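Inspection log for the structure reproduced underneath, given as structure tokens.
The values are calculated or read from the model by the stated rules, or taken from the named source; none is laboratory data. On a predicted model such as this, the values are computed, not experimentally measured, just so you know. So basically every Cβ, Gly included, is an ideal-geometry build from the backbone, and we count neighbours across all protein chains shown.
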Amino acid sequence: MEAQGMCCLLELTPAGDIFCDAKGCHVADALCKGQYVGVKARDKLIWRLKGYYQQLALSQYGSRAFEQVFQIASAEQKVKIMTELSEKSNLLNSTTYGRLVAGKLEVETFKLSQKKWEQMWKKKEGKGGENK
């Protein structure tokens, strides 16, 4: 299935429902890592998931898809995603997968200071880029 077809599928079905499925989380892989998926399609995916990030982070397969999407997001998009997560951060601690996501992304640090989180995240990404 080509990227355009997958994006059409996301228009018909709530993306949160697709990505929380055992097979659907692999659709996120294809959209995030596929060589034939353009920047605009990825940006559209990130925009379509607005409002679903909490739901994704709470489930086993959704959290996997969430991490893929978060990884490809721009710095500005990451801040928007983190804002959505931090608004209901207490829910993240209600599941094992939510706690893992909250820990990896330092949601509590973001809640305390967005600027501090951004600086910390830039350092983290810088170190990750050197290791590749």
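The table below lists the values:
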{"item": "Helices (runs of 4 or more DSSP H) lying entirely in the range 26-132 (those with 3 or more residues that are surrounded by 12 or more Cβ atoms within 10 Å (Cβ to Cβ) and of a type in the set (V, I, T))", "result": "75-87"}
{"item": "Considering residues of the range 31-44 that are more than 14 Å from the chain's Cα centre (by Cα) and in contact (Cβ under 8 Å) with a residue 12 or more places away in the chain only, the residue farthest from Q55 (Cα to Cα)", "result": "Y36"}
{"item": "Checking G16 against (1) at pLDDT 90 or above; (2) assigned to a helix (DSSP H, G or I), the condition it does not meet", "result": "(1)"}
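Residues checked against (1) basic (K, R); (2) modelled with pLDDT under 95:
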residue	(1), (2)
L56	no, yes
S74	no, yes
M82	no, no
L112	no, yes
K123	yes, yes
